[in-house]
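The values are calculated or read from the model by the stated rules, or taken from the named source; none is laboratory data. Note that this is a predicted model, so its numbers are computed, not measured. FYI the Cβ positions are ideal-geometry reconstructions off the backbone, even for glycines, and counts take in every protein chain you see.
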Amino acid sequence: MKQGSARSVPHFLENRRQHVLIALTFLLLASMACSIPNIGRATPTPADLTTPPVQVETPQMGIAGTAAPAERTPRVEPTTGEKFPPALIEVEPQPQSQLGAGTAPVFYFNQPMERSSVEAAFKTQPSQAGRLDWLDDATLRFTPNQPVKAADGLTVIINTSAKAANGLALAQPVQVSYPAPGPMRAAERLPAPGAQDVNPSSAVAVTFNHPVVALGADPQGLPPAFTLDPAAVGRGEWLNTSTYIFYPQPALMGGIRYTVQLDAKLSGVDGSPLEKSSGQEWSFTTSAPALLSVKPSPDQPISLDSALTLAFNQPMTTSSVESNFSLLDPDGSLVPGKFQWNSAGTEMTFQPDKLLERGQVYTLALFGAAQSQGGAALGKDFAASLSAVPQFAVTQTRPAAGQMLTAYAGYGSVTLNFSSPVAPRQNLNRLIQFDPPVNGQSAYKDPEGFQVVVSGYFQPSTSYTLSVSADIHDRWDAALGAPFSFTFSSQDATPELVIPMRQAGASALFVPQNETGLPARMTNLTQINLSRGQLDLPEFIRTAASGSGLENWESRVQSSWPLLVYPKPNASEVVNIPLAQDGKALATGLYFLNLDPQPAPADQAPIVPELVVVSPIQLVMKTSSRQAFIWAVKVPENTPVPQALVIIFDSDASQLGTCTTDDTGACTVDFATRDDPYKPIFAVHGQPGDSDFSLAASNWNGGVASWDYGVPYIDKGDQPEIYLYTDRPIYRPGQAVNLRVIVRAQDNGRYANPALSQVNVDVISPYDALTGQTQVLTTLRLPLDPFGAAAGVYTLPEGARTGTYFFRVQEVPFKEVNFEVAEYRKPEIDLQAQFGKPDVLVGQDFQAQVSARYFFGAPAGNLKVHWTLFRSPGALNIPGGLSVGKVDTSWLQPWNFFGSPSDLYLLEGEIQTGPDGNAAIEFSGQALQERLDTAASQTQTIKLEVTITDASGLPVSTRTTFQLHPSPFYIGARSEQWTGKAGEEITYNIRSVDWKGNPAADKPLSARFRKVVWLQQDTSDPMMLPE
C-alpha cells in the first residue's frame, strides 16, 4: 500500500478550534464545531459591481474542485498563533454543482474581512453584473442581476488582494466554479430503457437535468412530459420542478413492449430546449402475469386454520382470480371461505370458513384464465396438494430412544418434535418430566410450536426416562391422549481437575507455611503427575506480572512424583494435592508446581505450572498510581506483624519504595507515578527462605476489590485524558480524514491544560488476516495549542485498502479512534418505516407503513421489501425504587452467566411496494402474543427491520420500534422496610402509572401475600445445582 499524506489543518480552522476549546473549558466536552459562521448579525450593505473579464492563473489551493494535489510525504504544520491569514471555508451552493435560476452564491470566511478589499478582489468569468451583500463581516453574498446563462456557467475568483480585518491578505487566490449544465435532457428514466419484465402497475417517470416548472408555479397547466405507445389510461403529475410521473390506472397490459416519447416542445425555466437525441424516446417491456408463490408451502403439512396466500408478480383482477380459484376437499367438494386482497392487488388470501380435517389431503387449483389488471391471462393452470397436520403426536426425539445424550459440564438438552404445533401457555415443565429428576429443568417451545427443547443438568452415566403427559395439547385443543415416554443415557463425566484458589483469578497461589497441600476437586482421574521447582525473587515477579506463565520450566524441576487417586466413577471429589513427595510442608519461599492430570481432559489447554508462595505472613495490598497500603498479618494466629520492613517492586522487579509496619501491621509507601497503573506491583518482606518471608501482588484482590463493595474505581494515574474524533465515520480511498485531539490533565476529577506540548498519533492500517498484524502507516506529530487541542489531516492513498483504520495516541495507552474506509456510494432509494402507534397493548393488532422513494423524487414502486420483527425485554422505571412486574430470579441460576440476549427473532416476511412506493404491513396481535408465549407478560421493545434491494443489487435498510405493554397500566411496589417483626405492620408503597410513567388514578387493585423460605443446599459439583 502506498503511504498517504499527513498534514496539519489549514490556518483558517484555528479560529474555529479556539472557539470550540473555550466552550470545552466550561463544558468539558462538546461536539464538533459548525463549519459555517452565524449569519444575520449585521445589516447587509449592497454594493453595485460590474466585473470585466479577467484571466487568472490556476491557483494552488482553494475550495473543493480546485484543491492542490495531495502530497505524498507526511507533513504537519503548526496551527498556533493569534493572527492568521483569512481563508474561504464554505460556499453555498457547493462548487462544481449547477447554479440554479435565481440562486445567489454565499461565501463564508473564517474571520471578519475588510469589505472594500474583498469587493475589489471579487471577479467573475464570464463577466456577470451583480450585487454584493455582506450578511455579516465574514459572510458575503453575490446576486447576479440576470440569470446565469445555462450555456456559460459561472466562475468566481477572489484574488490575494482581499484582506481580513486584521490586515493579513489571502495566502492564495480562490476560484469557485459552477459549470454550465448543458442542454436539457432526461437525467433519470423509470422504467430504465430496455428494461424487461417490468411490473405493469409500475409508474413511468422522467427527471430532467433542468427545472421545467418554476418554483411556486402551478404545474397543472403544463402538458405531460411524455406519451406512451400503446396508449395507457392513468394519472400524470409533476412531482417537483423537474420530475414528471405517470401512474397507469388500471395497470398496463402484461407482456407488451411500451415506448415512451418525450414532448419535444418541453423547455427549462431558463429557456433551454430539450436536447434532440435518441434520449427523447425509450422502450421497456412489461412482464406477463405469473403466480410467484403459495403459502404455506405444499411441501409441509399445513395448519388446520391456515389461510392460503397466493402471490402474483403484478396486480390482478380480483374477480377474475377468485372465480378461477378453488380449494377441494378429499371428496372433490369446494371448501367455502372468504377472499382478501392486499392494497396492491398482488396477494390474495383465502381463509376457509371451518378448520381443515386432520391428516386429509386438499387440492388447490388456479386456472390459467385468471387475468391481471392489464387484461392479460396467466395462461397456465396451477394445482397443488396440501396435507393437513395429522393427529397430535410425538414424531421424533433427539437423542433417540436408547442413544446417548451429549452434555457439556453436565448441561444438556432433549428435543421433542410434534406432528402439530404445541399450544402456548402450557406448563411444559409439569407436562414433561424426567426420571430421575433433572436439576434446573427448563422447557422451551420454538416459535412455530412443532418443537420443544427440554434442558437441564444431567448426572453422568445415568439412565433417564422422559415422559410426556397425555394432557399436553396442540393449538386446536387436541390432547396427546396417551402418555409418551422413552429412555436414554447420559455420558460419563469429563475428567477434570479444579483448584478453587486458581479460579479466584490470582496469578499465583498463596499457601500458609504450616499447610502441606492444595485443596482441589477432581472427577474421573486416576493419577496426577506433579513436578516442583524453586524460583528467585526477580524471576517470580516477572513471571507473575507477565501472565503468560513460566517458560522452559522443565529444566528447572527439582522434584517429580505421581499422585495415584482412586475416585468414585463420575463423582466430583475433594483431593488434597501434596506440595512435597513426602507429604510434609515446604519451607518458606517461591515455587512453581506443575500438575498433569491423567487421563487428560479432551479440551485441556497447554500445561502451565502454578506459581506458589509459601509464607507464614499474609500481606494485603491496596494501591493507587503513586501509593501503596500494606497490612501484614501472621497466619494462622491472625495477629498483626509490627516493625516489618516491606519493599515495593514494580513488574520488572525494580524497587519503588519501602515502608515499615506499625503496631497494627500496616504501613503506607509513596513512590513515583507509574506509567501504567494496570501492571501489578509487588510487596515483599524478607528474602525467600527466611522464616518470616512473604510476598503479595496488587492484583491479588479477588473478592476484596473496591468493585466487590459497589465502589467503582479506575486508576488512571497522572496520564492525561485524551479525546479524539474525526469529521465523519466513513471515507473513500483518496479522501482526507480530519482529526481533532483534545488533551486535559486530570487529578481527582479536576481538569487543567496538560504539560504536553504535542501529541504523536499513529495511523494504523486495518487488521491483516494473513499476517495477523496491523501496520503503522505514518505518525502525525501534532502541536497542542494554548487550549490543549490539536488537529491534523491524513489523506488516504487512492489505492487504500478498505477496512477499519485507527488513529492511536502514543503518549497514553488505549486512546484511539477508528474510522472505516469503504468503496461506498450513496443509496439510490430513501427507505422509511414507521409503526402506526408508539405504544401497543399485547393482543392488539398493529400496522407499519413503509415508504420507498428514489432520491431524484420518483417513488420506488413494485419492489420487494423483506421485513423482520425482533423483540428485546424492556422495563418501565418508576422513580422511587418501586419494582414493576414479576421478580426476575434468573440471575440466581449458575448457568446464567451472560444475561438475556437482545433482539430476539420473532417473525419475517416479504411485501411489495405499490406504484406509489408505499406499502403496509399488517400484524396480528393474537399471533404475536402466541409467538411471545410467556414473554408476553413482560414489557417488550418490538423492532421492525425492513430491507429493499436497489437496481444495483445493494441492500438499503431502515428500522423502527414501538413498546408492547402487557397491561393497560403498571403497578409499582416497594416495601418501606427490609425486616419486620411478627405481629407488627409492614408498610408498602403502591403506585399505578400509565405507559409513560404518569400517575394512573382510580385503578382497582388487590394484594396477595406469600411466604418464601430460602434453603441452603450444597452440591458435590461446582458446575451443577444441588441434588
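Here are a few things to note about the model shown:
- Counting only strands (runs of 3 or more DSSP E) that fall entirely inside segment 778-844 and contain at least 1 residues that are in contact (Cβ under 8 Å) with a residue 60 or more places away in the chain and closer than 21 Å to Ala755 by Cα, the qualifying elements are 789-795, 803-809, 816-821.
- Gln746 falls short on exactly one of the conditions (1) crowded, with 17+ Cβ neighbours inside 10 Å; (2) within 32 Å of the chain's Cα centre (by Cα), and that condition is (1).
- Filter result for the condition that a residue is touching a Lys or Arg at 6+ places or on another chain (Cβ under 9 Å), over 25 Å from Tyr824 (Cβ atoms) and of a type in the set (A, V, I, L, M), over Val737, Val759: Val759
- Residue identified as part of a loop (DSSP other than H, G, I, E, B) and of a type in the set (Gly, Ala, Ser) among Ala205, Ala180: Ala180
This table checks each residue for (1) surrounded by 16 or more Cβ atoms within 10 Å (Cβ to Cβ); (2) in the same structural domain as Thr774 (by TED's automatic domain parsing); (3) touching a strand residue (DSSP E or B) at 6+ places or on another chain (Cβ under 8 Å); (4) among the aliphatic types (A, V, I, L, M).
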| position | (1), (2), (3), (4) |
| --- | --- |
| Phe806 | yes, yes, yes, no |
| Val809 | yes, yes, yes, yes |
| Lys815 | yes, yes, yes, no |
| Phe835 | yes, no, yes, no |
| Asp839 | no, no, yes, no |
| Ala848 | yes, no, yes, yes |
| Phe855 | no, no, yes, no |
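Matching residues to (1) modelled with pLDDT of 90 or more; (2) among the hydrophobic types (A, V, I, L, M, F, W, C); (3) under 22 Å from Phe208 (Cα atoms); (4) not assigned by TED's automatic domain parsing to the domain that holds Asp197:
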| site | (1), (2), (3), (4) |
| --- | --- |
| Pro219 | no, no, yes, no |
| Phe226 | yes, yes, yes, no |
| Pro230 | yes, no, no, no |
| Gly236 | yes, no, yes, no |
| Thr243 | yes, no, yes, no |
| Tyr258 | yes, no, yes, no |
| Lys265 | no, no, yes, no |
| Asp270 | no, no, yes, no |
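- Residues (of a type in the set (Ser, Thr, Tyr) and assigned to a strand (DSSP E or B)) located in segment 562-578: Ser572
- Any pair with Cβ under 6 angstrom, 6 or more apart, that starts in segment 311-333 at a residue that is assigned by TED's automatic domain parsing to the domain that holds Gly359 and ends at one that is of a type in the set (Val, Ile, Thr) and surrounded by 15 or more Cβ atoms within 10 Å (Cβ to Cβ): Phe312/Thr346; Pro315/Thr346; Leu327/Val335; Leu328/Thr363; Asp329/Val335
- Among the residues making up segment 946-968, a single one is of a type in the set (D, E, K, R) and either buried (at least 17 other Cβ atoms within 10 Å of the Cβ) or in a loop (DSSP other than H, G, I, E, B) (or both): Asp950.
- Selection count, segment 362-377, where residues are closer than 21 Å to Ala307 by Cβ and either of a type in the set (Gly, Ala, Ser) or over 45 Å from the mean Cα position of the chain (by Cα) (or both): 6
- Residues in segment 659-677 that are over 19 Å from Val633 (Cβ atoms) and without any contact (Cβ under 8 Å) to a residue 60 or more places away in the chain: Asp670, Phe671, Ala672, Thr673, Arg674, Asp675, Pro677.
- Those strands (runs of 3 or more DSSP E) of segment 638-748 in which 1 or more residues are farther than 30 Å from Asn514 by Cβ occupy 655-660, 666-670, 721-726, 736-747.
- Filter pass, Glu551 being of a type in the set (D, E, K, R), loosely packed, with under 13 Cβ neighbours inside 10 Å and not assigned by TED's automatic domain parsing to the domain that holds Ala697: yes
- The single condition from (1) over 29 Å from Arg358 (Cβ atoms); (2) touching a Pro at 6+ places or on another chain (Cβ under 7 Å) that Phe458 fails is (2).
- Taking the conditions (1) assigned by TED's automatic domain parsing to the domain that holds Ala470; (2) under 24 Å from Glu322 (Cβ atoms); (3) not polar (S, T, N, Q) in turn, Arg398 satisfies each one other than (2).
- The single condition among (1) under 35 Å from the mean Cα position of the chain (by Cα); (2) touching a residue at least 40 places away in the same chain (Cβ under 8 Å); (3) in a strand (DSSP E or B) that Ala520 does not meet is (1).
- All conditions but one from (1) within 30 Å of Phe122 (Cβ to Cβ); (2) surrounded by 14 or more Cβ atoms within 10 Å (Cβ to Cβ) apply to Gly167; the one that does not is (2).
- Identity of the residue in segment 391-440, part of a loop (DSSP other than H, G, I, E, B) and on the phi > 0 side of the Ramachandran plot, that ends up surrounded by the fewest Cβ atoms within 10 Å (Cβ to Cβ): Gly402
- Cβ-Cβ under 6 Å pairs, at least 6 apart or on other chains, segment 365-391 side under 14 Å from Thr317 (Cβ atoms) and in contact (Cβ under 8 Å) with a residue 40 or more places away in the chain, far side surrounded by fewer than 22 Cβ atoms within 10 Å (Cβ to Cβ) and among the hydroxyl-bearing types (Ser, Thr, Tyr): Ala370/Ser320; Gln371/Thr317; Gln371/Ser320; Gln373/Thr317
- The numbered conditions (1) touching a residue at least 60 places away in the same chain (Cβ under 8 Å); (2) over 14 Å from Leu405 (Cβ atoms) are all true for Tyr457 except (2).
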